[in-house]
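Values in this text are rule-based calculations from the coordinates and carry no lab data. Values in this document were obtained by computation on a predicted structure and should not be read as measured data.
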Amino acid sequence: MPNIKSAKKRVRVAEKKTLINLSHKTALKTAIKKFETAVSEGDKENVQALFNDAVKKLDKGVSQGILHKNNAARKKSQLALKLAKIS
């Protein structure tokens with residue numbers, strides 16, 4: 001445990017940012033799962049909207065530093081392939 005005041009603050013800030021990043025990651029995973037369940041059910045009406053939402057959250061995750069850009073690009077590519085198969 002740190003003794004210096006600034007180090008204590010950095011620990012508190014890191015904990016807050018960890019929780020924020022965790023909530024963003026959870027929302028991202030939820031968006032991807034919703035898209036994949038819609039694809040598996042064959043719900044052609046909502047698939048495009050769910051795909052757009054998942055891609056938006058992936059891009060936001062990259063801009064916030066939660067995901068690496070290549071990781072997000074790979075996930076978007078996989079989602080696009082699933083979207084193309086159902087269309």
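Please determine, in degrees from 0 to 90 and to the nearest 10, the orientation of helix 44-63 with respect to the longest principal axis defined by the Cα atoms of the chain, where the helix direction is its Cα long axis. For 44-63 against the chain, the angle is about 30 degrees. Histogrammed with a bin width of 10 Å, the alpha carbon distances of the chain distribute as 17, 38, 23, 12, 7, 3 percent, first bin at zero. Please determine, in degrees from 0 to 90 and to the nearest 10, the orientation of helix 69-86 with respect to the longest principal axis defined by the Cα atoms of the chain, where the helix direction is its Cα long axis. Once rounded, one gets 20 degrees.
Stretching Lys34 away from Ile86 to a fully extended chain increases their span by 17.2 nm, per 0.36 nm per residue minus the current alpha-carbon distance.
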